[in-house]
Amino acid sequence: MADMTDRRRALARTAWRTLSSREAYANPWIRVREDVAEMPDGRTTLYGVVECAPCVGVLPFADARTVILVGQYRYVAREFFWEMPTGGIRPGEREEDAVQRELAEEAGYAAGRLVKLCAFHSSKSVVDETAHIYLAEALTPVARDGDDTEFIEVRAFDFDEVMRMVDASEIRDAMTVVAVLHAARRR
């Protein structure tokens with residue numbers, strides 16, 4: 001057993017090789033592909049990958065203690081959730097421009113100052129998506145011209161209440177959780 005464990009550990013950093021790839025499904029938001037991959041030990045396996053455009057999320061602070069969240073019914077989860085404004089980066093769009101666009105569309109604000117908190121993979125195993133997370137300050141109201149598929153409620157929350165909601169798993173959106181924890185660490 002130790003020989004097998006040592007061998008697997010020795011191959012842990014070896015790249016897998018894609019032998020073939022075919023598109024299984026596509027729509028304007030995602031592409032699903034099915035690959036045949038060669039693993040480090042020479043065996044092959046079928047691997048399904050969901051490809052998404054890179055995305056942004058922005059945690060807007062109206063002042064030092066007040067966070068603006070958006071609430072909406074999420075079809076996949078079949079529940080209403082509070083979260084920060086998020087969305088995909090359009091082809092050729094700069095991250096900061098996507099952040100400002102999503103902040104305006106979903107919450108009705110523009111940020112005078114953006115701070116990048118981090119970038120992370122939303123799911124490292126089957127989803128190819130990188131999320132870029134920002135904090136927004138010096139907010140000014142702007143016309144809210146949202147996406148025609150979004151029905152959004154906008155509300156201000158005390159940051160301590162938002163932390164409590166994260167701790168209680170009332171906020172479960174990964175991008176929002178990551179942003180709130182980063183913001184708490186900076187306080």
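The values are calculated or read from the model by the stated rules, or taken from the named source; none is laboratory data. Here the structure is a predicted model, which is why all the values come from computation and not from measurement. Cβ: placed from backbone, ideal geometry, glycine included. Neighbour counts: every protein chain shown.
State whether the residues of the stretch 69-80 include one that is farther than 29 Å from residue 24 by Cβ, hydrophobic (A, V, I, L, M, F, W, C) and in contact with a Leu (Cβ under 7 Å, 6 or more places away or on another chain). Scanning the stretch 69-80, I find no residue that is farther than 29 Å from residue 24 by Cβ, hydrophobic (A, V, I, L, M, F, W, C) and in contact with a Leu (Cβ under 7 Å, 6 or more places away or on another chain), so the answer is no. Residues that are within 17 Å of residue 57 (Cα to Cα) and not polar (S, T, N, Q) within the stretch 164-176 comprise 166, 171, 172, 173, 174, 175, listed in sequence order.
Taking residue 135 as the residue in question, decide whether it is buried (at least 16 other Cβ atoms within 10 Å of the Cβ), at pLDDT 95 or above, closer than 21 Å to residue 172 by Cβ and not small (Gly, Ala, Ser). So residue 135 passes the test. Cβ separations smaller than 6 Å between residues 6+ apart or across chains give the following pairs from the stretch 10-31 residues that are hydroxyl-bearing (Ser, Thr, Tyr) to residues that are in a loop (DSSP other than H, G, I, E, B): 14/40. Among the residues of the stretch 154-187, those identified as outside any helix (DSSP H, G or I) and either modelled with pLDDT under 95 or within 16 Å of the chain's Cα centre (by Cα) (or both) are 171, 172, 173, 187.
Scanning the stretch 124-135 for residues that are farther than 16 Å from residue 95 by Cα and either among the aliphatic types (A, V, I, L, M) or without any contact (Cβ under 8 Å) to a residue 12 or more places away in the chain (or both) yields a total of 4. The number of residues in the stretch 161-185 being of a type in the set (D, E, K, R) and either under 11 Å from residue 84 (Cα atoms) or touching a residue at least 12 places away in the same chain (Cβ under 8 Å) (or both) comes to 3. For the stretch 49-85, the set of residues classified as of a type in the set (D, E, K, R) and in contact (Cβ under 8 Å) with a residue 12 or more places away in the chain consists of 51, 65, 83, listed by residue number. Where residues in the stretch 1-21 are modelled with pLDDT of 80 or more and of a type in the set (Val, Ile, Thr), which of them is surrounded by the fewest Cβ atoms within 10 Å (Cβ to Cβ)? Here the residue is 14.
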